[in-house]
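Please read the structure below before turning to the comments.
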Amino acid sequence: MLSRPFARIFAADAIVRTAYQMGKTPVLPLFAAALGASDILLGLIVSVSTLTGILVKPIVGFLSDRQGRHIWLMLAAALFILMPFGYLFVSTPSELFALRLVHGLATAIFGPVSLALVAEMAGESASPYRASGQRDPSKGRATRMGVFGLARSIGYLLAPVSAAFLLTRMSPQLLFMLTG
């Protein structure tokens, strides 16, 4: 079940989720407040990347089914690496809102494409065989998806604590840069 390709996508998910969440909790609300965002705007800034996901995930899923997973995973990786540097140039809440809208593309692309890849891996390595001698692609899929879900949980667990610790030693902008 834990093939080398699975281990790589698991590690990539854990890394990008941890980095992304470090920039979101607790750093993003503190940064938005420091820029002068009102309480309502602060809430919008924190949640706007989800709007990107709602709009983009179905489209990216459709396109990755036709164009392959690799190009979309590379695009998501580039966004995860580059977008945090944009926070260095943000000076107003509206700029932060716009950047968050675009930064949401990283998770909106990576999420469905990585899940499809893991589902495909489960189908390729599934066993036992059906009575007809063919593999049953449903066997092992839930187990693999459950294990893969741990990568996301690791990021959600480690990120807030790590970010809070790092915020005692650096500015929010430097922390955003570190996550890239």
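Report the residue, chosen from Arg152, Arg144, Arg66, that carries the largest GNM mean-square fluctuation when the chain is represented by alpha-carbon nodes joined by springs under 10 Å. Most flexible of the set in this elastic network: Arg66.
Restricted to Cα atoms, the chain shows a radius of gyration and a Dmax of 18.4, 66 angstrom. Counted by Cβ distance under 14 Å from Met83, the other residues give a net charge of +1, where Lys and Arg count +1 and Asp and Glu count -1.
Pick from Phe110, Phe80, Phe89: which residue has the top mean-square fluctuation in a GNM of the chain where Cα pairs under 10 Å get a spring? Fluctuation is largest for Phe89. Summing +1 for each Lys or Arg and -1 for each Asp or Glu among the other residues whose beta-carbon sits under 12 angstrom from that of Phe10 gives +4. With the gyration tensor restricted to C-alpha atoms of region 1-40, the semi-axes of the equivalent ellipsoid amount to 35, 7, 5 Å, longest first.
Between the helical axis of 70-82 and the longest alpha-carbon principal axis of the chain there is an angle of about 20 degrees.
Between Leu55, Leu28, Leu79, the residue with the greatest mean-square fluctuation in the GNM of the chain (Cα pairs under 10 Å linked by springs) is Leu55. Relative contact order of the chain: 38 percent, from C-alpha pairs under 8 Å at least 6 residues apart in sequence.
Take the Cβ atoms of Ala34 and Leu75, set R0 to 45 Å, and the FRET efficiency comes out at 0.90. Per-residue ellipticity at 222 nm, computed for the chain from helices alone with -39500 (n - 2.57) per DSSP H run of at least four residues, works out to -26500 deg cm²/dmol. The residues packed around Leu158, meaning those with a beta-carbon under 12 Å from its beta-carbon, carry a net charge of +2 if Lys and Arg are +1 and Asp and Glu are -1.
Rule-based calculations on the coordinates, nothing more; no lab input. Since we're looking at a predicted model, the values are computed, not measured. Using ideal geometry, Cβ is built from the backbone for each residue, glycine included, and neighbour counts are taken over all protein chains shown.
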